Amino acid sequence: MESSKEILKIENLTLKIGNTEILKDISFEVNKKEIIALLGPSGSGKSSLLKTINMLNTASGGCIRYNGKDTSEIVPMDLRKKIGYVLQRATLFGNFVLDNLKYPYELHKKVFDMNLVEFYLEKVNLKPDILGKKPSELSGGEQQRISLIRTLLMEPEIILLDEVTSALDEENTVLIEKLIKYENENNNVTVVFISHNNEQAKRLAHKVIYMEEGVIKEFTKASTFFEERVTK
């Protein structure tokens with residue numbers, strides 16, 4: 001069930017890299033526990049928007065507010081504990097996969113919870129023996145799933161997902177979608193995800209943001225967005 005409490009507010013956000021304007025006067029609000037699909041053609045600024053929200057890009061203008069506070073006043077590492085970001089191409093570190101899943105516990109100074117790790121591994125169709133492998137031994141799809149688990153173990157309030165099922169087959173894509181719904185419904189996680197799959201957006205999203213050339217062209221309920229395209 002959606003909540004009306006605003007958790008993220010983007011106000012007149014711009015991003016310029018060199019002489020190229022990537023994001024142009026972006027404004028929208030995200031309520032707690034919403035799932036929002038970020039759609040649009042390649043090069044429309046979707047990934048740049050997520051990176052800017054997560055402070056991997058520095059905005060050229062405008063404001064990003066998380067729970068009412070300007071994110072420029074928040075230490076980036078503290079913000080990333082609460083706003084998790086999973087890249088399309090996963091970046092794993094350390095000698096073993098296990099190092100990645102221990103990291104959230106070390107960061108939060110908590111005791112490592114192997115039971116919870118195994119719970120998430122089962123959710124995404126991975127066996128515990130993957131923890132002893134080197135990151136370089138994993139397929140792209142396995143790396144994506146480990147990266148998602150690592151982010152969820154941070155216990156974020158918001159997760160930003162950049163095509164996290166792009167390297168997965170249909171069976172594992174379904175499992176990831178179920179996990180996203182599980183986190184949203186059971187742990188109140190707010191989700192903003194990029195997808196080029198309209199059917200996936202239909203299955204998951206409460207609302208849709210449609211971008212072209214760095215501009216938001218539409219921001220509406222998912223049902224309205226897709227109904228309009230059927231009738232056109």
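The values are calculated or read from the model by the stated rules, or taken from the named source; none is laboratory data. No experiment lies behind these values; they were computed from the predicted model shown. FYI the Cβ positions are ideal-geometry reconstructions off the backbone, even for glycines, and counts take in every protein chain you see. Accessible surface is based on the protein model in full, side chains and every heavy atom, while ligands, DNA and RNA are left aside. Shrake-Rupley method; radii C 1.70, N 1.55, O 1.52, S 1.80 Å.
How about region 180-191: which of its residues are assigned to a helix (DSSP H, G or I), buried (at least 16 other Cβ atoms within 10 Å of the Cβ) and in contact (Cβ under 8 Å) with a residue 40 or more places away in the chain?
Correct list: 180, 184.
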Worksheet item: Pick from 24, 9: which is in contact with an Asp or Glu (Cβ under 6 Å, 6 or more places away or on another chain) and part of a strand (DSSP E or B)?
Response: 9
Discussion item. Looking only at region 72-92, count every residue that is open to solvent by 40 Å² or more (accessible area, probe 1.4 Å) and closer than 17 Å to residue 153 by Cβ and tell me the total.
Written reply: 7
Discussion item. I need every pair where a residue in region 153-179 that is under 17 Å from residue 120 (Cα atoms) has its Cβ under 8 Å from the Cβ of a residue that is part of a loop (DSSP other than H, G, I, E, B) and hydrophobic (A, V, I, L, M, F, W, C), sequence separation at least 6 or different chains.
Written reply: 156/189; 159/189; 172/124; 175/124; 176/124; 176/164; 176/168; 179/124
Worksheet item: Taking into account only those residues within region 94-118 that are at pLDDT 95 or above, hydrophobic (A, V, I, L, M, F, W, C) and under 20 Å from the mean Cα position of the chain (by Cα), which is surrounded by the fewest Cβ atoms within 10 Å (Cβ to Cβ)?
Response: 117
Worksheet entry | Positions within region 136-173 being assigned to a helix (DSSP H, G or I) and under 23 Å from residue 108 (Cα atoms), in sequence order | 143, 144, 145, 146, 147, 148, 149, 150, 151, 152, 153
Worksheet entry | Failed item, numbered, when residue 126 is tested on (1) over 17 Å from the mean Cα position of the chain (by Cα); (2) in a helix (DSSP H, G or I); (3) without any contact (Cβ under 8 Å) to a residue 24 or more places away in the chain | (2)
Worksheet item: Has region 33-48 got any residue that is of a type in the set (Ser, Thr, Tyr) and open to solvent by less than 10 Å² (accessible area, probe 1.4 Å)?
Response: yes
Worksheet item: Across region 91-110, what is the number of residues that are farther than 21 Å from residue 78 by Cβ and free of Cβ contacts under 8 Å to residues at least 24 places away in the same chain?
Response: 1
